[in-house]
Every structure is written in structure tokens, then in C-alpha cells.
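The values are calculated or read from the model by the stated rules, or taken from the named source; none is laboratory data. If you're wondering where the values come from, they're calculated on a predicted model, not measured in any experiment. Please note: Cβ atoms are built from the backbone with ideal geometry, for glycine as well, and neighbour counts cover all protein chains shown.
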Amino acid sequence: MTKIFIDPGHGGRDPGAVANGVQEKDIALSVALAIKKFLEENFDNIEVKLSREDDRFLSLSERARLANAWGADYFVSIHCNAGGGTGFETFIHDSRSTKSVAYQNVVHPEILTTMGVRDRGKKAANFAVLRLTNMPAILTENLFIDNPSDAKLLKDPVFLQQVARGHVEGIAKAFGLKRKSGAASRPAASKPSKQTQPKRTVSGDQVVRVIQEFINTYGFNIAVDGIAGPQTMRGLVKVLQTELNKQFGRGLVIDGIFGPRTRAALVNVRAGARGNLTRVLQALLYIKGYDVGPFDGIFGGKTETAVRSFQRANRLTVDGIVGPQTWGHMFG
Ligand SMILES: [Zn+2]
């Protein structure tokens, strides 16, 4: 049995960093609760305990004491940064115990890949929770509350699931956790080359899991197995149809079939767009092997670059605009 202790930073009278309408204590708690849920749902022989499961104050030494008394195998403290900057970084105690270093080397890149944000590096510091815990420990700093574009991501529940999913996959890899039967295993790490055909269709992938969880927020109950197969593609068509109905009054039947009616109802999506149609687009690009950065529903520079690469690879007009032709090739 592997015992993972998750410590959502701050709480109660201590909100942590506060800016842009976001409080660090709230982000830390929702990420921690999602990590617990994903770990318990997906893996065998695991116990997960949180230092707090609601909005309450706990001293730093109390957090460490709880983990020590429980006999945790790993201590993971969840925070957000502030003070100017952007991106993701992790800390271990500056004594740099062998195990903490080894786990950081596995967990840090997994979270980073899943989040798709800037890497600020693997660091060490004399933080109290890292010093006072008896087991290997890590503290993650997930974006900057006081950076407006980071804060936008942190306000997005789908992105927070992505953050949690990254932690889960990192912990699973570090401890060699066994996935519950029926759940797919992670693929061997391989960077997709730029202009490629589907790379993510054969085995489990954590961003695909995020995509599947996003599809299920619409009430479609597809398996969250990390495999971008027909079920996931049908789910994305259903989300597309739902959004076309909701935003443009198309009156489509939500059947998950990318047929002539759905084709005729499509709209152009281009730079500057935001929302769940863009999110569907980012999901498709990711599944096809393109780097789109965070799954944030914002059609920014990275998404446009990916669209252009996709158009070039498929010999379409390279204009960075997703019209019926490009949509068609993405679902094809
Ligand atoms: Zn903090």
C-alpha cells in the first residue's frame, strides 16, 4: 500500500496569494481534492490523505505532524506562486535527500507536460513543510496568481483538472502505481514529431484523460482511459454539436456523427476566439500530435501555429483559420 499525503497550501484565515479575483487557498484545495479523486479512481493499493478537505487554517508544523503520524510515503504540497512571473516550478528541501531528488526528477516533468506551461525549474529551499516532514516531499508552485493570463487559467475548472492530472501521473510514475484493471497504461514517453498523423490513439495519455473529463462535463459518460479512440472522437463531435446549437442556434441532433448536417452547421474559428469550440479544436490538435500548450480554450499564438502546421501537413490552405475544410480533416 502506497500512502500519499496531499497538502493543499494555506486555508481559513490564511488565503495565501490573492490577486485577479483568485485566492491561492481555493486553487490549492480544488487541485488537491481532484488529485485524491483521480488517484483513488485509477490506481490500486493506494491510500490518499489530505491535510485539509475544506477551507480551514492549519499551521505548517501541524501539516507535517499529520503526515508524519500517518506514516506517509510521499508528501505533496500544492501552492500557487506570486510576485511576478509565469509558469510552473517545484521545490524539495535544500538538504536534497536522494529520494526527494529522484521523485522530483519524475514528478516535475510529468506535471509540466500535462500543464503545457513555462518551466521555471526544479528547485530546492528550506520551506517548513519540506523540512519538518520525515518522508520524501515536494512542493509544487502552479502558475502565478498575480499574472493575469496565469490567473485566467487558474479560474478554469478544466485547467485545474489538468493540473491535478499531471500530479497524479507524476506520482503514479514515481511510485510505479498499478492502474486498476480496465484502465489503460501510459505510453512510453515519446515526443511527437511536428507534422505527424495521430500519435495518441494507441495507449493512455494524461492529456487525453483531461479531454475525456472535459467531454463528460457535458453529461456524456465516456470512459476516462486516456485512449483517443472512436468514443472520444464521437464525444468531441457531440460537444461540437452542443456548442453549435447553444451558440448559433443550429438545432443539430446530438448524435456524435460528423455528417453533412453538422458540416453545414460549422463556423470558422480563428485567432482571438475563446470558449469550448476552441477547446474542441485544441483537443483535436493534441490528439493529432500537435503541441497546443495548455488546454485553455483560448485561440492564441500557439494554437494558431498548430492549426497552420496541421493545414500544411494536410495540404489545405494555410491561413490559420479553422473553417469547414480544416474541421473536416480534423474529424476525418
Ligand atoms: Zn503558497
Residues (surrounded by 23 or more Cβ atoms within 10 Å (Cβ to Cβ) and either more than 13 Å from the ligand (Cβ to nearest atom) or more than 18 Å from ILE4 (Cβ to Cβ) (or both)) located in segment 137-152:
ALA137, ILE138, LEU143, PHE144, ILE145, ASP150
Has segment 267-276 got any residue that is farther than 22 Å from ALA313 by Cα, within 19 Å of the chain's Cα centre (by Cα), assigned by TED's automatic domain parsing to the domain that holds ASN221 and assigned to a helix (DSSP H, G or I)?
yes
Just name the residue that is surrounded by the fewest Cβ atoms within 10 Å (Cβ to Cβ) out of those in segment 234-250 that are hydrophobic (A, V, I, L, M, F, W, C) and within 17 Å of LEU285 (Cα to Cα).
VAL237
Go through segment 231-260 and give me each residue that's touching a Ser or Thr at 6+ places or on another chain (Cβ under 8 Å) and either free of Cβ contacts under 8 Å to residues at least 12 places away in the same chain or of a type in the set (A, V, I, L, M, F, W, C) (or both).
VAL237, LEU240, LEU244, LEU252, ILE254
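Yes/no per residue for (1) among the hydroxyl-bearing types (Ser, Thr, Tyr); (2) in the same structural domain as GLY121 (by TED's automatic domain parsing); (3) surrounded by 15 or more Cβ atoms within 10 Å (Cβ to Cβ); (4) over 26 Å from SER149 (Cα atoms):
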| site | (1), (2), (3), (4) |
| --- | --- |
| GLU41 | no, yes, no, yes |
| ALA64 | no, yes, yes, yes |
| ALA72 | no, yes, yes, yes |
| GLY85 | no, yes, yes, no |
| ILE92 | no, yes, yes, yes |
With segment 44-134 as the region, which helices (runs of 4 or more DSSP H) entirely inside it contain at least 1 residues that are at pLDDT below 95 and aliphatic (A, V, I, L, M)?
98-115
Inside segment 281-317, can you point out the residues that are assigned to a helix (DSSP H, G or I) and among the acidic types (Asp, Glu)?
GLU304
Residues located in segment 8-24, provided they are part of a loop (DSSP other than H, G, I, E, B) and either within 16 Å of the ligand (Cβ to nearest atom) or touching a helix residue (DSSP H, G or I) at 6+ places or on another chain (Cβ under 7 Å) (or both):
GLY9, HIS10, GLY12, ARG13, PRO15, GLY16, ALA17, ASN20
Looking at this structure, is PHE5 within 21 Å of the chain's Cα centre (by Cα), of a type in the set (Phe, Trp, Tyr) and either within 15 Å of the ligand (Cβ to nearest atom) or under 24 Å from ASN126 (Cα atoms) (or both)?
yes
Give me a count of the residues in segment 295-330 that are more than 18 Å from VAL239 (Cα to Cα) and surrounded by fewer than 23 Cβ atoms within 10 Å (Cβ to Cβ).
19
So in segment 56-98, with the set limited to residues that are closer than 14 Å to LEU132 by Cα and hydroxyl-bearing (Ser, Thr, Tyr), which one is nearest to the ligand (Cβ to nearest atom)?
SER77
Under 7 Å by Cβ, and 6 or more places apart or on different chains, what pairs join a residue from segment 72-96 that is on the phi > 0 side of the Ramachandran plot with one that is of a type in the set (S, T, N, Q)?
GLY85/ASN147
Hey, GLN212 within 25 Å of ARG263 (Cβ to Cβ), over 19 Å from the mean Cα position of the chain (by Cα) and either part of a helix (DSSP H, G or I) or at pLDDT below 95 (or both) or not:
no
Please find, among ILE27, ILE46, the residue that is more than 16 Å from the ligand (Cβ to nearest atom), under 20 Å from ARG165 (Cβ atoms) and of a type in the set (A, V, I, L, M).
ILE46
Going through (1) touching a Phe, Trp or Tyr at 6+ places or on another chain (Cβ under 6 Å); (2) touching a residue at least 60 places away in the same chain (Cβ under 8 Å); (3) over 23 Å from VAL163 (Cβ atoms) one by one, ALA271 fails only at (2)
Can you find a residue that is β-branched (Val, Ile, Thr), over 23 Å from ASP291 (Cα atoms) and more than 14 Å from the ligand (Cβ to nearest atom) anywhere in segment 108-130?
no
Verdict on GLU53 being free of Cβ contacts under 8 Å to residues at least 60 places away in the same chain, in the same structural domain as ILE138 (by TED's automatic domain parsing) and either away from the ligand (no atom under 14 Å from the Cβ) or hydrophobic (A, V, I, L, M, F, W, C) (or both)
yes
